[in-house]
Number of protein chains: 2
Amino acid sequence: MTDDARSPFDHPANALVLEVFRLNGALIRCGDALVKPLGLTSARWQVLGSIAHGRGTFSVARLADNMGLARQSVQRIVDELAEAGLVGFEPNPAHKRAKLVVMTPRGQRVFVRATELWRPIADAMAGGLALRELRKTTDNLAALRGRLEDQADNGSSE
Amino acid sequence: MTDDARSPFDHPANALVLEVFRLNGALIRCGDALVKPLGLTSARWQVLGSIAHGRGTFSVARLADNMGLARQSVQRIVDELAEAGLVGFEPNPAHKRAKLVVMTPRGQRVFVRATELWRPIADAMAGGLALRELRKTTDNLAALRGRLEDQADNGSSE
DNA sequence: GCACAATTGACAGCATGCTGCCAATATGGC
DNA sequence: GCCATATTGGCAGCATGCTGTCAATTGTGC
């Protein structure tokens, strides 16, 4: 069953879009299952990853920008992580209100554990592709997103 | 700002995963904005697309399988589309309970209109990539998903 | 220094994905 | 034919994304 000219919905980009949706869903489901034993979810794990990436120098707003999400989406997750004792807040010398989000020791341990669980899955998933091909694919996705967002911006101003 | 060895989270697949998340989010936001004037959302538009793809020969459960989503996720959208008068139900000769989901004439008009709005955006987004490259990228994503899901399956049984 | 814009977080509410549980309807083994 | 199983839809509830609005803080232009 291939999707040919069955409907007016037949653009070469559509197959890619559908595959992005499917892969996104599969990644979230897999991640949820993977880190559930640690009391995490995909979303909380991702936020921990962003905090690790910034080494505790980011406010919630910066985290959200880096992840491409709305501030409030990240804010709620961070608040829940704080309630669970996995992250905390440090005073920000540059901004009294925008505190810096840092991992607690417990948060660090959980994040390291999640990373260990993920590595073999990532190896197996990416193993079939040459590193070059993997990078090329990533670059192509980024380029597609760049042009999509340009379109969205232009479209709203015209 | 590149993400080097700042944390234990440093696998070549991670850049791709993050880009899939970002592109997925960008596509949904763009789609929501695009079809909002038609009274649609990304999710409803996608379900209409699946119905069009099956030409009205699919039950809700089949639609969900095709989209890689849980049945209930699709069920709610279909119910809402039915309430909005965009889809209807035909009796299924093979199953009294599992009715076939079909577009109403109004649903068809809305879907065609959405497709017209999407085409120039898709052209602009994919335009920077050769058709070959676009297909290759799509295939790579599908391959990654296949291996990811295999891992998930094996992992649960071992 | 002061008013105005931009940034940030708090709170409330919606859309869409998920799961779990139950009832109704096939389907298959006996 | 009958009972166990699978499939399907209905209902309820949760997680995570979004938006809009408001207050607190910071930065800018005069």
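Probe of 1.4 angstrom, ligands and nucleic acids ignored: what's the accessible area per residue over the protein assembly as shown, in square angstrom? Display every interim value, and only then the final one.
Working: 17080 Å² over 316 residues.
That works out to 54 Å² per residue.
Once amide H atoms are placed 1.01 Å from N in the peptide plane, what residues at a sequence separation of 5 or more from A:Asn92, or on another chain, have their amide H within under 5 Å of its amide H?
Correct list: A:Leu100.
In a GNM of chain A with a 10 Å cut-off on Cα contacts, which of A:Ala126, A:Ala52, A:Ala33 has the highest mean-square fluctuation?
Greatest mean-square fluctuation among the candidates belongs to A:Ala126.
Label A:Asp32 and B:Asp139 with points 7 Å out from Cα along Cα→Cβ: what is the distance between them in nm?
3.2
Report, in deg cm²/dmol and to the nearest 500, the calculated mean residue ellipticity at 222 nm for the protein assembly as shown, where each DSSP H run with n ≥ 4 adds -39500 (n - 2.57) and the sum is divided by the residue count.
Numbers: 12 runs with 216 residues, N = 316.
Calculated mean residue ellipticity at 222 nm is -23000 deg cm²/dmol.
Averaged across the residues of A:131-138, what count of C-beta atoms belonging to other chains lies within 10 Å of each residue's C-beta? All intermediate terms of the calculation are to be shown ahead of the outcome.
On the way: counts 1, 0, 4, 6, 3, 4, 13, 11.
Going residue by residue through A:131-138 and averaging, the value is 5.
Taking springs between alpha-carbon atoms closer than 10 angstrom, which of B:Phe21, B:Phe89, B:Phe58 fluctuates most in the Gaussian network model of chain B?
Among B:Phe21, B:Phe89, B:Phe58, the largest GNM mean-square fluctuation belongs to B:Phe21.
If the cut-off is 30 Å between C-alpha atoms, which lysines fall inside it for B:Lys36, apart from same-chain ones fewer than 8 positions away?
Reachable lysines: B:Lys99.
Between A:Glu116 and B:Gln75, take the C-beta separation as r, use R0 = 25 Å, and let me know the FRET efficiency to the nearest 0.05. Walk me through the intermediate numbers first.
Values: r = 38 Å, r/R0 = 1.51.
In this case the efficiency is close to 0.10.
Is there a simple number for the mean count of other chain Cβ atoms within 10 Å of the Cβ of residues in B:109-117, and what is it?
Working: counts 0, 0, 3, 3, 1, 2, 6, 1, 1.
Mean inter-chain Cβ contacts per residue within 10 Å come to 2.
In degrees, nearest 10, range 0 to 90: what is the angle between the Cα axis of helix A:105-127 and the longest Cα principal axis of chain A?
20
Normalised by the residues of region A:39-123, what does the relative contact order come to in percent, with Cα pairs under 8 Å and at least six apart? Mind dumping the intermediate values first?
Values: 87 pairs, mean separation 25.7, N = 85.
RCO, region A:39-123: 30 percent.
In nm, one decimal, shortest first: how far is the label point of B:Arg113 (7 Å from Cα along Cα to beta carbon) from the matching points in the other copies?
Distances to the matching label points in the other copies: 5.3 nm.
Leaving out same-chain residues fewer than 8 places away, which lysines sit with a Cα under 27 Å from that of B:Lys136?
A:Lys136
Which whole number gives the average count of other chain Cβ atoms within 10 Å of the Cβ atoms across peptide A:25-32?
On the way: counts 7, 8, 8, 2, 5, 6, 2, 0.
Partner-chain Cβ atoms within 10 Å, mean over residues of A:25-32: 5.
Select from A:His53, A:His95, A:His11 the residue whose mean-square fluctuation is largest in a Gaussian network model of chain A (Cα-Cα springs shorter than 10 Å).
Among A:His53, A:His95, A:His11, the largest mean-square fluctuation in the Gaussian network model of chain A belongs to A:His11.
Along the axis that rotates chain B into chain A, which residue of chain B has the nearest beta-carbon, and what is the gap in whole Å?
B:Asn24, 2
Which whole-Hz ³J(HN,Hα) couplings does region A:15-29 yield from phi under the Karplus relation 6.51 cos²θ - 1.76 cosθ + 1.60, θ = phi - 60°, glycine and proline marked x?
4, 5, 4, 4, 5, 4, 4, 5, 5, 4, x, 5, 5, 5, 4
Give me the percent relative contact order of chain A, please, defined on Cα pairs under 8 angstrom at least 6 residues apart. Numbers along the way, then the final one.
Details: 107 pairs, mean separation 27.3, N = 158.
Once normalised by length, the contact order is 17 percent.
The values are calculated or read from the model by the stated rules, or taken from the named source; none is laboratory data. On a predicted model such as this, the values are computed, not experimentally measured, just so you know. Using ideal geometry, Cβ is built from the backbone for each residue, glycine included, and neighbour counts are taken over all protein chains shown. Note: areas computed on protein heavy atoms with side chains; ligands, DNA, RNA excluded. Shrake-Rupley method; radii C 1.70, N 1.55, O 1.52, S 1.80 Å.
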